[in-house]
Amino acid sequence: MNLEILSRLQFGITIGFHYIFPPMSIGLALILVIMEGLYLKTGKTLYHEMTRFWVRIFGLIFVLGVASGIVMEFQFGTNWATYSRFVGDVFGSALAAEGVFAFFLESGFLAILLFGWNKVKPRTHFISTILVAFGAHFSAIWIVVANSWQQTPTGHHIVNTGGTARAEIVDFWQVVFNPSFLDRISHVYMGAWQAGAFFVLSVGAFYVLKKKHLDFAKASMKIALAVAVVASILQLVTGHSSAATLAETQPAKLAAFEGHYPASAPAGLYLFGWVDEEDETTTGVRIPGLLSFMIDFDTETPVTGLKAFPPEDRPPVNLVFQSYHIMVAIGFLLILLALLGAIGWWRGRLFDTRWLLKIFVFAVLLPHIANQLGWFSAEVGRQPWIVYGLLRTSEALSVSVGPGQVITSLILFAIIYLLLFALFIYLLNEKIRHGPIIDTAIEKGIAA
């Protein structure tokens, strides 16, 4: 493999492993706010028990997210030095804002969330839960700002310093509210809420099937189902909005998503298919004119296709096509599962429907797969640009790093991440196996 492929693979594995944890922490933080809010409103010990159990899980997820995320920042300087020089002014502002305004907020109040049960008043603890949840959501904003700017760069100009080009901010708020930011952050949030909701559903369904902690499990599942229904339906809305924005800002990526080759013609929407990149054809089952309708509410609206771009400016089409369509299929499956659960709850049959509970146990994987495929589609679909229209990926590499060094570090990272993931699964399994255990002393302290 050449240096570019190896460096992209290394960064892809790094961010792919890291992105297991932030969506779970964001989604679970929202659910913690709901649970603890219900405890304060009703005074029921059950909701306190639920909050304390899921807080312990949240702490584990948060630690793994921080540990796995630090590595990515170093890779910018080691593997992608040219890229770092080019985007440093833009990324420096966004990542500094994430550290100062979001991470410190989240981590600062995390100590109260984890250890303050018998040390602060219940309302003070609830405020810390809200602030941790706010910090988790706020942190995502700045990361998505940086990534969205790569997709749709605005608010900058290019300067040349010592023969090196770099992007320099001229309007900070244009950088923040670049054309794709709002669509992307809303899509990320819904994916995170789904990850948190289906995680809680999975554990709750497991307890119900095992006939353990039944009151706890049923109450947890009801809260998670409410979040899952809202997030799954809104995810469809944000996905549609993102596609409409792509038609204007990244037409080559949208064309790759649907294997649309004609330079300018009405486009259908494929349910599934296969792209032959040599013959520039796509075969499969599609609904004619639906993509055009989704963009402009007119089935005859021309959509820019891949033939409007030279071959060297096109992404790997079939790879992006498949990842995008699997993601969409999972999205619809999550909507179906959430609605089936809600209907079962409404009819009073949910906790007796064993086949659905068994599906919920394993459905925890689906939001994670969809989130990974979504990022993969977005990043690979942007190729060959690392900063869309400004800097090619092949030109962004470090000139002093060789393939051998990247392979060595890639192997070491893979080993470390496998060990970390095994440790995470072991600790998570131990916490779930022991279940919600109330400390009587803490309970008395709160009651006092």
- Query: Take the residues of the range 365-396 that are touching a Pro at 6+ places or on another chain (Cβ under 9 Å) and charged (D, E, K, R): which is nearest to GLY331 (Cα to Cα)?
  - Reply: ARG382
- Inside the range 153-204, can you point out the residues that are free of Cβ contacts under 8 Å to residues at least 24 places away in the same chain and in contact with a His (Cβ under 6 Å, 6 or more places away or on another chain)? VAL170
- Message: From the list ILE127, ILE112, ILE141, exactly one residue is under 18 Å from GLY27 (Cβ atoms) and either out of contact with any strand residue (DSSP E or B) (no Cβ under 6 Å at 6 or more places or on another chain) or in a helix (DSSP H, G or I) (or both). Which is it?
- Response: ILE141
- Message: Going through VAL406, VAL380, VAL401 one at a time, which residue ends up being at pLDDT below 85 and part of a helix (DSSP H, G or I)?
- Response: VAL406
- Being more than 28 Å from ILE411 (Cβ to Cβ), more than 17 Å from the chain's Cα centre (by Cα), without any contact (Cβ under 8 Å) to a residue 12 or more places away in the chain and not assigned by TED's automatic domain parsing to the domain that holds LEU225 narrows it down to one of VAL55, VAL100, VAL33, so name that one. VAL100
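Here are some residues: ALA167, ALA228. Which one is crowded, with 19+ Cβ neighbours inside 10 Å, touching a helix residue (DSSP H, G or I) at 6+ places or on another chain (Cβ under 6 Å) and outside any helix (DSSP H, G or I)?
Sole residue among the options that is crowded, with 19+ Cβ neighbours inside 10 Å, touching a helix residue (DSSP H, G or I) at 6+ places or on another chain (Cβ under 6 Å) and outside any helix (DSSP H, G or I): ALA167.
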- Task: Hey, could you check the range 401-439 for residues that are within 27 Å of the chain's Cα centre (by Cα) and hydroxyl-bearing (Ser, Thr, Tyr) and say which is farthest from MET50 (Cα to Cα)?
- Result: SER409
- Note on the structure: Scanning the range 237-253 residue by residue, those of a type outside the set (Lys, Arg) and either at pLDDT 90 or above or more than 17 Å from SER323 (Cα to Cα) (or both) turn out to be VAL237, THR238, SER241, ALA244, THR245, ALA247, GLU248, THR249, GLN250, PRO251, ALA252
- Item | Test for LEU290: is it over 28 Å from GLY196 (Cβ atoms), in the same structural domain as ALA219 (by TED's automatic domain parsing) and either more than 25 Å from the chain's Cα centre (by Cα) or at pLDDT 95 or above (or both) | yes
- Residues of the range 107-142 classified as within 30 Å of GLY389 (Cα to Cα) and touching a residue at least 60 places away in the same chain (Cβ under 8 Å), total: 3
- Query: Taking the range 22-64 only, how many residues are closer than 14 Å to GLY204 by Cβ and acidic (Asp, Glu)?
  - Reply: 1
- Identity of the residue in the range 321-375, of a type in the set (Val, Ile, Thr) and assigned to a loop (DSSP other than H, G, I, E, B), that ends up farthest from the chain's Cα centre (by Cα): THR353
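Select, from TRP149, TRP117, the only residue that is of a type in the set (A, V, I, L, M, F, W, C), in contact with a Gly (Cβ under 9 Å, 6 or more places away or on another chain), part of a helix (DSSP H, G or I) and surrounded by 14 or more Cβ atoms within 10 Å (Cβ to Cβ).
The match here is TRP149.
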- Does the range 281-298 hold any residues that are buried (at least 16 other Cβ atoms within 10 Å of the Cβ) and out of contact with any strand residue (DSSP E or B) (no Cβ under 6 Å at 6 or more places or on another chain), and which are they? PHE293, MET294, ILE295
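The values are calculated or read from the model by the stated rules, or taken from the named source; none is laboratory data. Quantities reported herein were computed from a predicted structural model and do not represent experimental measurements. As a convention, Cβ positions derive from the backbone with ideal geometry for all residues, glycine included, and neighbour counts pool all protein chains shown.
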